[in-house]
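Student: First the structure, which I've put down as structure tokens, then a few questions once you've had a look.
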Amino acid sequence: QVQLVESGGGLVQAGGSLRLSCEASGSIFSINAMGWYRQAPGKQRELVATVISGRSTNYADSVKGRFTISRDNGKNTVYLQMNSLKPDDTAVYYCNAVQPWKTYWGQGTQVTVSS
């Protein structure tokens, strides 16, 4: 089993920044990808960014140039640096970790961007 604990959400004004953290523990071997997803009220969960094998990154078009995902293998933690935040970025942000046989999810952290 893998446990994921997110932190760093909160309330910020438009144009501001936040950094989300997600620490993995437990059976973390063979995690080959970690990522962030988000779900706004009334909408489906959507991909924000992923990092594969600690190097290759992928971003949703809506966050390219504003968000940066990174992974610190020594701390078993993945980060999401969010800059130039917009009200449309308001959502619950979920961390996930992918092993070849299973995907794990964190409990989510609320990000609210006021206009």
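Student: Out of the residues in segment 1-17 that are aliphatic (A, V, I, L, M), more than 15 Å from the chain's Cα centre (by Cα) and at pLDDT 95 or above, state the one that is most open to solvent (accessible area, probe 1.4 Å). Spell out the reasoning first.
Tutor: Of all residues in segment 1-17, those aliphatic (A, V, I, L, M) come to 2, 4-5, 11-12, 14.
This time we only want the ones that are more than 15 Å from the chain's Cα centre (by Cα), so: 2, 11-12, 14.
Right, trim to at pLDDT 95 or above and you get 11-12, 14.
Numbers: LEU11: 133, VAL12: 22, ALA14: 54 Å².
Step by step, filter segment 1-17, then rank; the result is LEU11.
Student: Name every residue in segment 101-112 that is under 10 Å from the mean Cα position of the chain (by Cα) and within 11 Å of LEU4 (Cα to Cα), in order of residue number.
Tutor: Correct list: GLY106, GLY108.
Student: Any idea how many residues of segment 1-17 are within 18 Å of LYS102 (Cβ to Cβ) and either part of a strand (DSSP E or B) or without any contact (Cβ under 8 Å) to a residue 24 or more places away in the chain (or both)?
Tutor: Selection size over segment 1-17: 4.
Student: Now for a different question. What are the residue pairs meeting all of these: first residue in segment 39-50, first residue within 19 Å of ARG19 (Cα to Cα) and among the polar types (S, T, N, Q), second residue part of a loop (DSSP other than H, G, I, E, B) and open to solvent by 30 Å² or more (accessible area, probe 1.4 Å), Cβ atoms under 6 Å, and 6 or more apart or on different chains?
Tutor: Going by the 6 Å Cβ cut-off, the qualifying pairs are GLN39/ARG45.
Student: If I ask for residues that are modelled with pLDDT of 95 or more and over 18 Å from THR103 (Cβ atoms), which ones from segment 18-41 would you list?
Tutor: Listed by number, the residues that qualify are LEU18, ARG19, LEU20, SER21, ALA40.
Student: Further, regarding this structure: Report the residue count in segment 18-34 for those that are out of contact with any Phe, Trp or Tyr (no Cβ under 9 Å at 6 or more places or on another chain) and either outside any loop (DSSP other than H, G, I, E, B) or acidic (Asp, Glu) (or both).
Tutor: 5
Student: Could you list, in sequence order, all residues of segment 18-38 that are without any contact (Cβ under 8 Å) to a residue 60 or more places away in the chain and on the phi > 0 side of the Ramachandran plot?
Tutor: GLY26
Student: Checking the structure you have, find out if any residue of segment 46-55 is assigned to a loop (DSSP other than H, G, I, E, B) and over 18 Å from TRP101 (Cα atoms).
Tutor: yes
Student: Only residues in segment 78-107 that are of a type in the set (D, E, K, R) count as the first member; pair them with residues that are part of a loop (DSSP other than H, G, I, E, B), Cβ under 7 angstrom, at least 6 apart or cross-chain, and list the lot.
Tutor: That search, which allows pairs on different chains as well, returns LYS86/ALA14.
Yes or no, residue by residue, for (1) more than 17 Å from GLU6 (Cα to Cα); (2) within 13 Å of the chain's Cα centre (by Cα); (3) crowded, with 18+ Cβ neighbours inside 10 Å; (4) not β-branched (Val, Ile, Thr):
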site	(1), (2), (3), (4)
ALA24	no, yes, yes, yes
ALA49	no, yes, yes, yes
ARG55	yes, no, no, yes
ALA60	yes, yes, no, yes
VAL63	yes, yes, yes, no
ILE69	no, yes, yes, no
VAL78	no, yes, yes, no
ASP88	yes, no, no, yes
GLN99	yes, no, no, yes
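Student: Taking THR109 as meeting all but one of (1) within 16 Å of LEU20 (Cα to Cα); (2) open to solvent by 30 Å² or more (accessible area, probe 1.4 Å); (3) among the polar types (S, T, N, Q), write down the number of the exception.
Tutor: THR109 satisfies all of (1) within 16 Å of LEU20 (Cα to Cα); (2) open to solvent by 30 Å² or more (accessible area, probe 1.4 Å); (3) among the polar types (S, T, N, Q) except (2).
The values are calculated or read from the model by the stated rules, or taken from the named source; none is laboratory data. What you are looking at is a predicted structure, and each value in this text was computed from that prediction instead of being measured. Cβ coordinates were reconstructed from backbone atoms using ideal geometry, including for glycine residues, and neighbour counts include every protein chain displayed. For accessibility, only protein heavy atoms count, side chains too; no ligands or nucleic acids. Shrake-Rupley method; radii C 1.70, N 1.55, O 1.52, S 1.80 Å.
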